[in-house]
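Visitor: Structure in structure tokens, see below.
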Amino acid sequence: QAGVEYAEAPINHAEDTQGFLHDVLEGLAQSPAMLSPKYFYDATGSRLFDRICKLPEYYLTRTEMAILERSAPAIADQLGPGVLLIEPGSGSCAKVGRLLRHLCAPAGYAPVEISGEHLHANLSHLRGAFPDLPITPVCADFTTPFSLPSDIPETRRRVVFFPGSTIGNFPPEAAVDLLRGFRGLLDDRGGLLLGVDRRKDPRILEAAYDDAAGVTAAFNRNLLVRMRDELGAEVNPAGFRHRALWNDECSRIEMHLVSRGRQTIRVGGRTHGFHDDEHIVTEYSYKYSAEGMQRLAAQAGFRVSAQWSDDREWFSVLWLTT
Ligand code: AVI
């Protein structure tokens, strides 16, 4: 880990385990049972997610990359010179390079990531490609309020870069709250560059979340593996099958873990029984119509100043300003 300066102390693992247990117990007590998708992303889950992004069925990453590739000069034009890019949930930092190449004299890059290990593993590549760019990694959970370190480069143009349709994993009200929180990080000339997945044929959506190679199924079951390994839960991950369902009314893909037969999960001194076919909700991935995107921006206090999409309009990158 030499050479990594964390802007904040690395996450405290004892507290982390307590938080995980607390959320698991609360989630399993609900009907239907729910587990938070934020626990997908341990080292294994992050690696599985990187594999998902390369799957033939998972069009999201490829489509957004192509939009960034094709429209980067126009996007850079909108953003203007001297930008400090802040990227919550930066993951593999794969997309930001596309943008950085075209930005005029960027002031710096601040990736914000809960998985310190993942953050470190991916930054060296970026450092090699942009040796003069000040990079300030922030190890934090962006789903709760966080502040930027005091040594962040000075600029009057802060831009939050939130690609990948991560906003889709937040229910509408929480999505608005999150974007409002990002607004609080911005200055008067900055803005939010947001990647949004669009509504489309449910067959395409369901295939994207239930790939033939079973990578998404392994990603989903990793939640149970983590419960077993980190919380000492008595659970058989193979006893649950993966399911991806389009919910048209709510405009979202739902990921479930469906019980194969009757079984129990024991964790934290409690026992939760499941009957055959009973499911646990593990993730919602909301998909937006054109009106939905406008509404989301407006409710969070932004206006859509520009937008770029692929020819099929499967994915959009929005430039939101205040
Ligand atoms: C991170 N997020 C945008 C992904 C999505 O598409 O909702 C997570 C994911 N879940 C299953 N596949 C990918």
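Visitor: At 1.4 Å probe size, with the rest of the protein present, what percent of the exposed accessible area of segment 214-270 is carbon and sulfur atoms? Walk me through the numbers on the way to the answer.
Guide: Working: 1020 of 2450 Å².
Taking all protein chains in place, segment 214-270 shows 42 percent carbon and sulfur surface.
Visitor: Restricting to the chain, compute how many DSSP beta bridges are antiparallel as a %, nearest 5. Could the numbers behind the result be given before it?
Guide: On the way: 33 of 51 bridges.
Of those bridges, close to 65 percent are antiparallel.
Visitor: Check which residues have an amide H placed less than 5 Å from residue 110's amide H, if you skip close sequence neighbours.
Guide: It is 85, 86, 87, 136, by chain and number.
Visitor: Could you check how many percent of all C-alpha pairs in segment 167-322 are farther apart than 25 Å?
Guide: Working: 5401 of 12090 pairs.
The calculated P(r) of segment 167-322 puts 45 percent of pairs beyond 25 Å.
Visitor: Follow-up. Taking all pairs of different Cα atoms in the chain, averaging 1/r and flipping that mean, what Kirkwood radius in angstroms comes out? Before the final figure, lay out the partial values.
Guide: Numbers: mean 1/r = 0.0488 Å⁻¹.
Evaluated on the chain, it is 20.5 Å.
Visitor: Which FRET efficiency value, to the nearest 0.05, do you get for residue 258 and residue 303 by plugging their Cβ-Cβ distance into 1/(1 + (r/R0)^6) with R0 = 35 Å? Please report the intermediate quantities before stating the final value.
Guide: Details: r = 42 Å, r/R0 = 1.20.
It comes to 0.25.
Visitor: Then there is this: Between residue 238 and residue 291, what is 0.36 nm times their sequence separation minus the Cα-Cα distance? Round to one decimal in nm. Let's see the in-between values first.
Guide: Details: separation 53, 0.36 × 53 = 19.08 nm, distance 4.06 nm.
Extra length available between residue 238 and residue 291 comes to 15.0 nm.
Visitor: Right, here's the next one. Residue-wise, which Karplus ³J(HN,Hα) couplings in Hz belong to segment 289-304, taking 6.51 cos²θ - 1.76 cosθ + 1.60, θ = phi - 60°, and x for glycine or proline?
Guide: Using θ = phi - 60°, the values come out as 8, 4, 5, x, 5, 4, 5, 4, 4, 5, 5, 8, x, 10, 10, 7 Hz.
Visitor: What whole-number volume per residue, in cubic angstrom, does the convex hull of the C-alpha atoms of segment 233-322 give? Working shown, then result.
Guide: On the way: hull volume 14.0 nm³, N = 90.
Taking only Cα atoms, segment 233-322 has a hull volume of 156 Å³ per residue.
Visitor: How many Å² of accessible area per residue for the chain, probe 1.4 Å? Don't skip to the answer; put the middle values down first.
Guide: Values: 14440 Å² over 322 residues.
Roughly 45 Å² per residue, with all protein chains present.
Visitor: For labels at residue 201 and residue 127 in the simple 7 Å Cα→Cβ model, what's the distance in nm?
Guide: 4.6 nm
Visitor: Where the accessible area of segment 46-93 is counted over protein heavy atoms with a 1.4 Å probe, how much of it, in %, is carbon and sulfur? Please list the in-between numbers first.
Guide: Details: 1040 of 1870 Å².
Summing carbon and sulfur atoms, their accessible area is 56 percent of the total for segment 46-93.
Visitor: Trypsin sites (Lys or Arg not before Pro) within segment 136-174: which are DSSP loop residues with at most 15 other Cβ atoms inside 10 Å?
Guide: Details: sites: 156, 157, 158; in loops: 156, 157.
Answer by residue number: 156.
Visitor: If you rank 44, 216 by how much accessible surface each has, with a 1.4 Å probe, what is the order from largest down?
Guide: Numbers: 44 60, 216 5 Å².
From most exposed to least exposed: 44, 216.
Visitor: Rounded to the nearest 10 degrees, what's the angle between the helix 215-231 long axis and the longest principal axis of the chain, both from Cα atoms, 0 to 90?
Guide: 70 degrees
Visitor: Please list, short to long, the whole-number percent of alpha-carbon pairs of segment 202-278 in consecutive 10 angstrom bins beginning at zero.
Guide: 18, 43, 29, 9, 0
Visitor: Can you tell me the Rg and the Dmax, both Å, for the Cα atoms in segment 90-132?
Guide: Cα-based Rg and Dmax for segment 90-132 come out at 10.3, 30 Å.
Visitor: Which length gain, in nm to one decimal place, applies between residue 77 and residue 231 when the Cα-Cα distance is subtracted from 0.36 nm times their residue separation? Walk me through the numbers before you get to the answer.
Guide: Working: separation 154, 0.36 × 154 = 55.44 nm, distance 4.88 nm.
Separation in residues times 0.36 nm, less the Cα-Cα distance, equals 50.6 nm.
Visitor: Name the residue, out of 29, 110, 297, whose mean-square fluctuation peaks in a Gaussian network model built on the chain with Cα pairs under 10 Å.
Guide: Highest fluctuation of the listed residues: 29.
The values are calculated or read from the model by the stated rules, or taken from the named source; none is laboratory data. Note that the coordinates shown come from a computational prediction; the quantities given were computed from them, not determined experimentally. All Cβ positions, glycine included, derive from the backbone under ideal geometry; neighbour counts span all protein chains shown. Protein only, heavy atoms only, side chains kept; ligands, DNA and RNA dropped before computing areas. Shrake-Rupley method; radii C 1.70, N 1.55, O 1.52, S 1.80 Å.
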